[in-house]
4 protein chains.
Amino acid sequence: MSLPPEFHDIAKRVNNWGRWGSDDERGTLNHITDAVVREAVAEVRSGLRVPLALPLRQDGVQTGVIPGRINPLHTMVQINQEIFGPGTVACSDDAVTFGLQAATHWDALTHVSHSGRIYNGRPAATVTAHGGAEFSGIDTTGPVLARGVLLDVARAKGVDRLPGGHAVTPEDLDEAEEFAGVTVRAGDIVLVRTGQIQVYLAGDKPAYGYPSPGLSVRTPEWFHARDVAAVANDTLTFEIFPPEFEELWLPVHALDLVEMGMLQGQNWNLEALSTACAEAARHAFLLSAMPEPFVGATGTPVAPVAVL
Amino acid sequence: MSLPPEFHDIAKRVNNWGRWGSDDERGTLNHITDAVVREAVAEVRSGLRVPLALPLRQDGVQTGVIPGRINPLHTMVQINQEIFGPGTVACSDDAVTFGLQAATHWDALTHVSHSGRIYNGRPAATVTAHGGAEFSGIDTTGPVLARGVLLDVARAKGVDRLPGGHAVTPEDLDEAEEFAGVTVRAGDIVLVRTGQIQVYLAGDKPAYGYPSPGLSVRTPEWFHARDVAAVANDTLTFEIFPPEFEELWLPVHALDLVEMGMLQGQNWNLEALSTACAEAARHAFLLSAMPEPFVGATGTPVAPVAVL
Amino acid sequence: MSLPPEFHDIAKRVNNWGRWGSDDERGTLNHITDAVVREAVAEVRSGLRVPLALPLRQDGVQTGVIPGRINPLHTMVQINQEIFGPGTVACSDDAVTFGLQAATHWDALTHVSHSGRIYNGRPAATVTAHGGAEFSGIDTTGPVLARGVLLDVARAKGVDRLPGGHAVTPEDLDEAEEFAGVTVRAGDIVLVRTGQIQVYLAGDKPAYGYPSPGLSVRTPEWFHARDVAAVANDTLTFEIFPPEFEELWLPVHALDLVEMGMLQGQNWNLEALSTACAEAARHAFLLSAMPEPFVGATGTPVAPVAVL
Amino acid sequence: MSLPPEFHDIAKRVNNWGRWGSDDERGTLNHITDAVVREAVAEVRSGLRVPLALPLRQDGVQTGVIPGRINPLHTMVQINQEIFGPGTVACSDDAVTFGLQAATHWDALTHVSHSGRIYNGRPAATVTAHGGAEFSGIDTTGPVLARGVLLDVARAKGVDRLPGGHAVTPEDLDEAEEFAGVTVRAGDIVLVRTGQIQVYLAGDKPAYGYPSPGLSVRTPEWFHARDVAAVANDTLTFEIFPPEFEELWLPVHALDLVEMGMLQGQNWNLEALSTACAEAARHAFLLSAMPEPFVGATGTPVAPVAVL
């Protein structure tokens, strides 16, 4: 089995290898310039802050289907411990274990490879157990703060959420962009809402993951044409799952992360943001979505906040 | 042994229990209003972003002296795994274990208790191994994004870093505020720079922790008078360590977290920010410092970013 | 709600507090004397070794119903790493995270408390997050190696496995003892087979845990009368679950661990041993079941082996 | 850099690839037959049990020098939690994270590779982050219980412990064997005592690891000639460290694990056993040293017990 010619055709069109130099590890995050940030800040009107992360808890979105990607295990190592003697100030301390891609997260560019390569043409073998990703680890992104644009595909279509088999197409993105009344531009972080996370919030974890609406293999070209900095959505797999084409698994991951070098976010809770944007009749905002700088990591939990 | 009368005197003066209702779990973060955020955004000039987190790595600031507070252990659970068969897209996944207070972090209000109480007068016994903090866990803070003000105590004094035995006093804060040319006001997040983190960055972990400059027991009143939302600095212990008064351990923690209900941040790397502020001749900025919403946790790693 | 008088009546009859001194932390393991071990060794005939542990894997018996008790997460930190340079010997290293009671395990005597007390009348509050169990942690047991006796209740009754609602009674134990042709005596480690683990081995985790056959609240007196050193079986909960008496949860745990001070084992795979004993027509053997000495822990994985 | 011809010469002489078939994953553990076990049991005289594991604690032997190999982190997830309501039986549960080779442990045969191969000529690449070791994981050993023989090199030489630079040679083993008054034979598990663990027990962790006495590159032939089943000792590195020959790192690991397929144990505390054997004037005993069956793991903690 190998990737089909159609995949390689798209790959060629969205490829950014070398665009920011052979040393680059950040890909499309290079689009976030000081000017982009100034314009992002200028979008703030009310000062309302909408957090987009799911709570980090053991009863999170993971079901055990993805090996090793465990929900957060929160444990205590001190509870009201008067470490300096009785009657003194007492401390509580905790420790956690979890998969970096388990909850609301960013994929690092190294999260996937294909044909033995990661972003910028580096060998996939530069990811090892000893130190993780030598290149493009999540600690190399720099600050992720820019203008955010909500493309509320579900609301634009007048539905609560897209059905499981719905591949979000470029035409869907156009429709949502028009509904938003905003033009996506270079350096934007685009949030694509399908409404799928409602399934998890309602308690049905397996159905949240499968079948799921998600981005079509045709969308990377749409993002590439606009020089988007990053894309996140409210699904487990980011792209439609099961995939659009038989035996072509995770093509969007390969195109976004490997070819374009564009950060992807998953399991973002966009429900409150959808409401807030609809009420404000504005779909652009300041977005802060800072990766935790785990050295060599292929992903990170993130606690994004939209400021309207 | 018990806490001295002087401690209880200060405690009475800075106490905020009931100020935002008996149900409140957020303390001084209530000072961050929409208006505060709008004004914070208005501080942005250049769009320059300065990240303030230390890398999350096994060779972090912890030395093993604090039981259970381990530096991040980063492990791989998938490396370029072609989970859907040979020749397909390959995935890398990682997992981590670490102490929530191990690196650049926020203490939740429940991180310490004294006299059997946490913030807002709740019993300390509401922190358990089963679920962690029932109240004021780090997942209850809401977004932490406001105006940041750097009080660069070291630079204001014309030194690279304060000596180990230096307790940062209200007078030092006044001096740094005047140096900054900005008036600290309600809802601000104040970053106090001592320069101590240089010791860690130079490789001497034990000396970074001890002896360390840090905030004096007299500073909580200074922050309380200004209705500051949160305070962070560039030391391991936040307050001067060993303490100013014999046998009075962690009094600042008890006053800030328990009495005032004010979030504290530690191990923030303020070196690049110090330079950037000096170059811009501005010490106020937009600060995003979102907690990761670990449910019931008494702390969280944080990847703060200052936008100048 | 409180424990009923019937419970306290039994508790009084099986109580061993003070029996081995007020300092004792080991309870009925004190029954394992040198003489017991010599006699245990004398039971070996063929030299056949039968291991009794389930594999330690992420797809283990835990379903997430018991908070925090996670199946083993196995991760790699080095894979064929030539740490001393290319062309040298290469190393692979791994790390794990798991609940100590997650798989085939021993409960330490401190695993449960009732009425504020643990074994030997010590306060339950001696178990803290800071260091775990101050007394009777699993590291205090000393070697657990003695004569093992299989009481094959299922086989004695001529069934593959006991039904979910079956409480194993003293009469069942008598019957199995007679079937075994061996007299249980002081210092023995008794393995009670229900066959329930077949349900897990067949892939139905929820049904393995609930409803499950298990020991009746009447069995502690049976073990107490014989001065048994420890008891293990092939179920998730050890005792019948849901319990025999409404609202009386985990009474056998409280009687065995707290009152008698008798080690309990769960999730032991007794299937191969059942066959081996039947074929050998012998149900006594040498049993080695060494706890891993996690300091202050309330349980431990164990890899028991029966030598026939 | 590559392995020198001398290494390959020894490798050829001790190689066991194919000896137990091309499917074999257990190597020299195949020497432990039922007859071996019967004879092991026959060594028991007094019934005295001597445990050989170090306590599993955060303050263990690791210093951070070996990346990812962390000492056990013990945490609580339940403390006296009355999960079925107030006044009921209360439960305490714990979780741990640690490196499998961190404390008293067995190396699995896959723990090292050289020239791209593991034991029995399989590709080293069969160890992956996805599932760990496909072959010869520690879960494949079967029971490890046999006759143990203490070769007390330090005591035979009349010293408390060997100096740091001492490579234990075949001649040293001969001397200790004669001192023991026992002939090492097929299926034995040999414990080689240097006394080095005293350095750790006295509190000097760095000096425990470096410089350390340990087995010479000439010893694998000695063990091979006797068809020993496994070897363990009381050092961090097993073999002398730094190594005997410049730039030839871990040659004994490569010879024992890869070429012979012989299990190695490290950090075994042989101090009490040394005393017990001297007092009993016997150096052979029953040894139970069961691996915890972590699936695909390259090592395991072990709690060995010698029965004299």
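Brief remarks follow.
- Yes/no for D:T275 being of a type in the set (S, T, N, Q) and in contact with a Pro (Cβ under 8 Å, 6 or more places away or on another chain): no
- For the residues A:V190, A:V182, the requirement of being over 30 Å from B:V112 (Cα atoms), assigned to a strand (DSSP E or B) and either aliphatic (A, V, I, L, M) or open to solvent by 10 Å² or more (accessible area, probe 1.4 Å) (or both) singles out A:V190.
- Among residues of the range D:36-54 being part of a loop (DSSP other than H, G, I, E, B) and touching a Pro at 6+ places or on another chain (Cβ under 7 Å), the one that is nearest to the other protein chains (Cβ to nearest Cβ) is D:A53.
- Condition check for C:N80: of a type outside the set (G, A, S) and farther than 30 Å from C:K12 by Cβ: yes
- For D:D139, the conditions (1) under 16 Å from the mean Cα position of the chain (by Cα); (2) open to solvent by less than 40 Å² (accessible area, probe 1.4 Å); (3) within 24 Å of D:T33 (Cα to Cα) are fulfilled apart from (2).
- Residues in the range C:100-129 that are of a type in the set (G, A, S) and in contact (Cβ under 8 Å) with a residue 40 or more places away in the chain: C:A102, C:A103, C:A108, C:S113, C:S115, C:G121.
- Candidate set: the range A:217-267, residues that are closer than 17 Å to A:A176 by Cβ and open to solvent by 10 Å² or more (accessible area, probe 1.4 Å); chosen: the one nearest to the chain's Cα centre (by Cα): A:I240
- When the test is whether a residue is in contact (Cβ under 8 Å) with a residue 12 or more places away in the chain, outside any loop (DSSP other than H, G, I, E, B), closer than 30 Å to C:T75 by Cβ and of a type in the set (A, V, I, L, M, F, W, C), B:V77 passes it.
- Among the candidates A:V153, A:V159, A:V149, residue that is buried (at least 24 other Cβ atoms within 10 Å of the Cβ), aliphatic (A, V, I, L, M), more than 10 Å from chain B (Cβ to nearest Cβ) and without any contact (Cβ under 8 Å) to a residue 60 or more places away in the chain: A:V153
Here's the yes/no breakdown for (1) modelled with pLDDT under 95; (2) under 30 Å from D:R282 (Cα atoms); (3) not hydroxyl-bearing (S, T, Y):
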position	(1), (2), (3)
D:E6	yes, no, yes
D:N16	no, no, yes
D:G21	no, no, yes
D:T28	no, yes, no
D:A42	no, yes, yes
D:L48	no, yes, yes
D:P72	no, no, yes
D:T75	no, no, no
D:A90	no, no, yes
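- With respect to being surrounded by fewer than 23 Cβ atoms within 10 Å (Cβ to Cβ) and either modelled with pLDDT of 95 or more or on the phi > 0 side of the Ramachandran plot (or both), A:R38 fits the description.
- Once the range C:13-35 is narrowed to residues that are surrounded by fewer than 19 Cβ atoms within 10 Å (Cβ to Cβ) and acidic (D, E), the residue that is nearest to the other protein chains (Cβ to nearest Cβ) is C:D34.
- Residues of the range A:248-299 that turn out to be in contact with an Asp or Glu (Cβ under 8 Å, 6 or more places away or on another chain) and facing chain B (nearest Cβ under 9 Å), as a count: 13
- Per-region count, the range A:69-93, residues within 21 Å of C:T63 (Cβ to Cβ) and facing chain B (nearest Cβ under 7 Å): 4
- Contact map, the range A:33-52: first residue within 25 Å of A:D234 (Cα to Cα) and in contact (Cβ under 8 Å) with a residue 24 or more places away in the chain, second residue open to solvent by 40 Å² or more (accessible area, probe 1.4 Å) and of a type in the set (A, V, I, L, M, F, W, C), Cβ cut-off under 6 Å, separation 6 or more or different chains; pairs are A:V50/A:A272.
- Complete set of residues in the range A:169-211 that are within 16 Å of the chain's Cα centre (by Cα) and on the phi < 0 side of the Ramachandran plot: A:D188, A:I189, A:V190, A:L191, A:V192, A:R193, A:T194, A:Q196, A:I197, A:G209
- When each of D:V44, D:V127, D:V89 is tested for being in contact with a helix residue (DSSP H, G or I) (Cβ under 9 Å, 6 or more places away or on another chain), more than 26 Å from D:V231 (Cα to Cα) and among the hydrophobic types (A, V, I, L, M, F, W, C), the lone residue that passes is D:V89.
- Scanning the range A:96-125 for residues that are at the interface with chain B (Cβ under 8 Å from one of its Cβ atoms), closer than 17 Å to A:V144 by Cβ and hydrophobic (A, V, I, L, M, F, W, C) yields one hit, A:L100.
- Assessment of the range A:128-135 against the conditions (buried (at least 20 other Cβ atoms within 10 Å of the Cβ), under 29 Å from B:P304 (Cβ atoms) and among the hydroxyl-bearing types (S, T, Y)) yields no matching residue.
- Residue tally, condition part of a loop (DSSP other than H, G, I, E, B), at the interface with chain D (Cβ under 7 Å from one of its Cβ atoms) and under 24 Å from B:H74 (Cβ atoms), over the range C:55-68: 2
- Pairs with Cβ under 7 Å, 6+ apart, first in the range A:1-12 and within 14 Å of chain B (Cβ to nearest Cβ), second charged (D, E, K, R) and surrounded by fewer than 18 Cβ atoms within 10 Å (Cβ to Cβ): A:M1/A:E247; A:I10/A:E221
- Within the range B:162-179, considering residues that are among the small types (G, A, S) and open to solvent by less than 60 Å² (accessible area, probe 1.4 Å), the one farthest from B:L191 (Cα to Cα): B:G164
- Residues within the range D:295-308 that are open to solvent by less than 10 Å² (accessible area, probe 1.4 Å), within 23 Å of C:V77 (Cβ to Cβ) and either among the charged types (D, E, K, R) or touching a helix residue (DSSP H, G or I) at 6+ places or on another chain (Cβ under 6 Å) (or both), tallied: 4
The values are calculated or read from the model by the stated rules, or taken from the named source; none is laboratory data. These figures come from a predicted structure and were not determined experimentally. All Cβ positions, glycine included, derive from the backbone under ideal geometry; neighbour counts span all protein chains shown. All accessible areas refer to the heavy atoms of the entire protein, side chains included, with ligands and DNA or RNA removed. Shrake-Rupley method; radii C 1.70, N 1.55, O 1.52, S 1.80 Å.
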